[in-house]
Every structure is written in C-alpha cells, then in structure tokens.
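K.L.:
The structure follows.
The values are calculated or read from the model by the stated rules, or taken from the named source; none is laboratory data. Bear in mind that the values here come from a model prediction, so they are computed numbers and not experimental data. Methodologically, a virtual Cβ is constructed for each residue, glycine included, from the backbone with ideal geometry; neighbour enumeration extends over all protein chains shown.
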Amino acid sequence: MVGALPVLNGENPGSMIELTVEKPDDWWEVEALYDLCFAPGRTALSSYRLRNGVDPIRELCILARDSDGILGGVIRNWPVKVGGKPAILLGPVAVHPTRQGEGLGATLMNEALVRAKAMGWERVMLVGDLPYYRRFGFSKLEGVVMPPPTNPERVLGIELVGGAWDGVTGRVRRAL
C-alpha cells in the first residue's frame, strides 16, 4: 500500500503522508532520526547484535514523509532465526518528536505487518512494551531468548499465519 495516506494532524488536518521503501540515499537521514528518538547509545542494545552484518529486509524498511518530503517516521525489519525457523525482528520504529501522536507509528507498524504477510513471512518478533504492542496483536513469547541483557518480559511476537509460533523456542540468532 505504498502511496499517500491521510494522517490526521491537529495543526494541519487531512495532511498527506507518503509511505515509501527506504533507499540507500535515505540512510543518513534515517539514522539521524533514530539517534534523535533513541540516542546514539541505541546501537549497544542486544537487538543490534542480531542486526550487525545482516542486511535488513528492504521491502519492510518503510519511510513516512509529508507532502514537503520531510521524514516523519521510519520502521526497519531484520531477518532472524529462532529455533532454526525464520522470523522477522521488527524495529526499530521511530517517529519524529514533532509528529508524535498523529498515528504515524501505528501506520508504519500496520503497513510493515501487512507487507510481511504478503511476502510470505509467518512470524514477527520485537522487544518492547506489551501494553503498547498488544493493540497490534503482539503477545509475550515463551521460550524465545534474546541476547542478554534483554528482559524476557519484553520479548513479544505475533503470528502472521496461525500456529506459526507453536513449538518455536530457543535463542534468537542472526540470519546469515
């Protein structure tokens, strides 16, 4: 569903947001947004060890730009293996502080999940807060172990195909 979407905005109701796949030329702008939202120390998180040396899933790296071409939000997704089975490690998701509260994060999340399912992916995981991600269908994953020091309560997953997480346990590993 790439294209312009209406996103309600208190200052500019009905403003349009265009969703596009991230291109190599977008890299620095995207990294700057991640640094702004998460601080430069974000790359020390355990999830980044699973991303090092692995290309993201290009079709699932989505940008949200306004009609002036200004980056408002971004989501990236990475392949991983859990118990030898392929999965997506969703995130990070970032929304510029001036655009928060407009639904951009939810738009990016939903779009990434729809595209992942259309591409044939069966399972998606992330590290995050269940009260927030439950609304997208995520629940706590039992027996799925992220590299330390990840809190196991924050390891969440969603099935894009019924039963996709059944019996899938073990350490999350880089997909090489």
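K.L.:
So which residues in region 153-170 are under 16 Å from L126 (Cβ atoms) and more than 19 Å from the chain's Cα centre (by Cα)?
P.N.:
Within region 153-170, V168 is the sole residue that qualifies.
K.L.:
From the list G101, G105, which one is of a type in the set (G, A, S) and crowded, with 16+ Cβ neighbours inside 10 Å?
P.N.:
It is G105.
K.L.:
Sticking with this structure for a sec: Does at least one position in region 129-140 carry a residue that is of a type in the set (D, E) and surrounded by 13 or more Cβ atoms within 10 Å (Cβ to Cβ)?
P.N.:
No: region 129-140 contains no residue that is of a type in the set (D, E) and surrounded by 13 or more Cβ atoms within 10 Å (Cβ to Cβ).
K.L.:
May I pose another question? Would you check which residues across region 141-170 are of a type in the set (V, I, T) and either surrounded by 13 or more Cβ atoms within 10 Å (Cβ to Cβ) or in a helix (DSSP H, G or I) (or both) and list them?
P.N.:
V144, V145, T150, V155, I158, V168, T169
K.L.:
Can you tell me which residues in region 85-97 are over 16 Å from G120 (Cα atoms) and either at pLDDT 95 or above or aliphatic (A, V, I, L, M) (or both)?
P.N.:
Those that are over 16 Å from G120 (Cα atoms) and either at pLDDT 95 or above or aliphatic (A, V, I, L, M) (or both): V93, A94, V95, H96, P97.
K.L.:
Go through region 130-140 and give me each residue that's hydrophobic (A, V, I, L, M, F, W, C) and in a loop (DSSP other than H, G, I, E, B).
P.N.:
F138
K.L.:
Among the residues of region 46-71, which ones are touching a residue at least 40 places away in the same chain (Cβ under 8 Å) and more than 15 Å from the chain's Cα centre (by Cα)?
P.N.:
Across region 46-71, the qualifying residues are S46, R49, N52, G53, V54, R65, D66, S67, L71.
K.L.:
Answer yes if at least one residue in region 12-21 is under 17 Å from the mean Cα position of the chain (by Cα), among the hydrophobic types (A, V, I, L, M, F, W, C) and either over 27 Å from L176 (Cβ atoms) or modelled with pLDDT of 90 or more (or both), and no otherwise.
P.N.:
Yes; the residues of region 12-21 include at least one that is under 17 Å from the mean Cα position of the chain (by Cα), among the hydrophobic types (A, V, I, L, M, F, W, C) and either over 27 Å from L176 (Cβ atoms) or modelled with pLDDT of 90 or more (or both).
K.L.:
Let me ask another. Wholly within region 58-129, which strands (runs of 3 or more DSSP E) include no fewer than the required count, namely at least 2 residues that are over 18 Å from E29 (Cα atoms)?
P.N.:
71-82, 85-95, 123-127
K.L.:
Would a scan of region 64-72 turn up a residue that is modelled with pLDDT of 95 or more and either aromatic (F, W, Y) or in contact with a Pro (Cβ under 6 Å, 6 or more places away or on another chain) (or both)?
P.N.:
no
K.L.:
Right, next: Go through the residues of region 158-169 one by one and say whether even a single one is within 17 Å of I75 (Cα to Cα), touching a residue at least 24 places away in the same chain (Cβ under 8 Å) and not small (G, A, S).
P.N.:
So far as region 158-169 goes, yes, one or more of its residues are within 17 Å of I75 (Cα to Cα), touching a residue at least 24 places away in the same chain (Cβ under 8 Å) and not small (G, A, S).
K.L.:
Another question, if that's okay. For the condition buried (at least 19 other Cβ atoms within 10 Å of the Cβ) and out of contact with any Cys (no Cβ under 7 Å at 6 or more places or on another chain), what is the one hit in V82, V114?
P.N.:
Only one candidate passes the filter, namely V82.
K.L.:
Please determine, by comparing only the residues of region 37-71 that are aliphatic (A, V, I, L, M) and touching a helix residue (DSSP H, G or I) at 6+ places or on another chain (Cβ under 7 Å), which one is surrounded by the most Cβ atoms within 10 Å (Cβ to Cβ).
P.N.:
A64
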